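Reviewing the structure listed below.
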Protein chains: 2
Amino acid sequence: MPKLWTETIDAHRAAVRDAAMDAMAALVATHGLVAVTMSQIAQQAGIGRATLYKYFPDAQAVLTAWHERQITTHLDQLTAAVDPAAPAIARLEAVLHTYAHIQHHSARHHGGELAALLHRSEHVDRAQQRLRGFVQDLIAEAVRDGDLRDDVATDELATYCLHALTAAGTVPRPEAVQRLVTVTLAGLTARRR
Amino acid sequence: MPKLWTETIDAHRAAVRDAAMDAMAALVATHGLVAVTMSQIAQQAGIGRATLYKYFPDAQAVLTAWHERQITTHLDQLTAAVDPAAPAIARLEAVLHTYAHIQHHSARHHGGELAALLHRSEHVDRAQQRLRGFVQDLIAEAVRDGDLRDDVATDELATYCLHALTAAGTVPRPEAVQRLVTVTLAGLTARRR
């Protein structure tokens, strides 16, 4: 085959592949990612489809409710990790450790993948905001105590923390989770360079 | 209605709701999340379904290829951000800034949601590993120069960085992206407390 001909075929192949990928991206952007149907949920749950519809309008609503339940459970665990008599920085450390361990364990199930679906949901943003608000309040208190940097807004520091600690879902051992918390906390402490 | 009766109904409602959520979680854990079908991709791409199947065995493969393409583009951008004559710490800062800005922009499209789907894929793990390897090598060099903490393994520091910087996808303004990079870098610098 002449070289030009091969190049044309290669270019054509590349174009088809690219078109398929662009299509995938466009479809997901438009329709979202929830592959699970109401029928599947009803069957898996062992209830009738009509019953399920009395409780949830669609599969996204089930997913949202599931995530709200998860976050509420996590908030309970985080609140329990706090000794109200301890200084804010100690309470923050306890909360971040607990949160990192929750991430570490839930990634071994399906939590990480599911949580990823939930960006588009209003309800879930509210659940996430409660979690972030809880962490942000602790950070604000520790900043007032002079234990953390004051050159970055507390909401940005809370967002940083919660994202950095999702790394706990990808590390293999509990010792690494501990080190991740140490590194993340170091980012929160004031340090001019 | 007597109180006991109400409580029974409430308990029943809660049980049904919980069962639906458990079912959702189980289905996603088993079948994954990809809602898009090969037919939809072919139609959106304006190609025949048979043609599409010559290139990709299933929708997950399209997704994986899409993600590989994204990561490759990002690696090119990150490499371009580096001045080879600069010290490792300066190259690392440039790379982290560029990566944070990529996160900031791609979250405004569909990147964040799609990327989340890809944990289960072997291929994608390889693409992610190339990215992490690139960052890890820079960190290792900066540690040897004495510019970064040496009490945590470089692969753990690279994982921390890349997760912390995904927060750039959720902050509204470019200035906040800049501050996020500063805070993340502070976590990398040695500091015994």
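Before moving on, here are some points about what is shown:
- Single condition residue A:133 does not satisfy, out of (1) within 12 Å of chain B (Cβ to nearest Cβ); (2) modelled with pLDDT under 95; (3) in a helix (DSSP H, G or I): (1)
- Each residue in the range B:143-156 was checked for being part of a loop (DSSP other than H, G, I, E, B) and more than 7 Å from chain A (Cβ to nearest Cβ), and 8 of them qualify.
- Yes/no for residue A:43 being out of contact with any helix residue (DSSP H, G or I) (no Cβ under 7 Å at 6 or more places or on another chain), modelled with pLDDT of 80 or more and closer than 26 Å to residue B:58 by Cβ: yes
- Considering (1) modelled with pLDDT under 70; (2) more than 7 Å from chain A (Cβ to nearest Cβ); (3) surrounded by 12 or more Cβ atoms within 10 Å (Cβ to Cβ), the lone condition that residue B:30 does not fulfil carries the number (3).
- Looking across A:159, A:189, one residue alone is within 16 Å of the chain's Cα centre (by Cα), modelled with pLDDT under 95, at the interface with another protein chain (Cβ under 10 Å from one of its Cβ atoms) and surrounded by 15 or more Cβ atoms within 10 Å (Cβ to Cβ). It is A:159.
- Checked against the criterion of being out of contact with any Cys (no Cβ under 9 Å at 6 or more places or on another chain), part of a helix (DSSP H, G or I) and modelled with pLDDT of 80 or more, the candidates A:14, A:90 yield just one match: A:90.
- Top-ranked residue in the range A:46-76 [being under 19 Å from the mean Cα position of the chain (by Cα) and exposed (fewer than 14 other Cβ atoms within 10 Å of the Cβ); ranked as modelled with the highest pLDDT]: A:76
- Selection count, the range A:171-180, where residues are surrounded by fewer than 21 Cβ atoms within 10 Å (Cβ to Cβ), in a helix (DSSP H, G or I) and more than 8 Å from every other protein chain (Cβ to nearest Cβ): 3
- Meets criteria (modelled with pLDDT of 95 or more, buried (at least 21 other Cβ atoms within 10 Å of the Cβ) and within 12 Å of another protein chain (Cβ to nearest Cβ)) for residue A:168: no
The values are calculated or read from the model by the stated rules, or taken from the named source; none is laboratory data. Model, not experiment: these values are computed from the prediction. Positions of Cβ are generated from backbone atoms using ideal geometry, with glycine treated the same way; all protein chains shown enter the neighbour counts.
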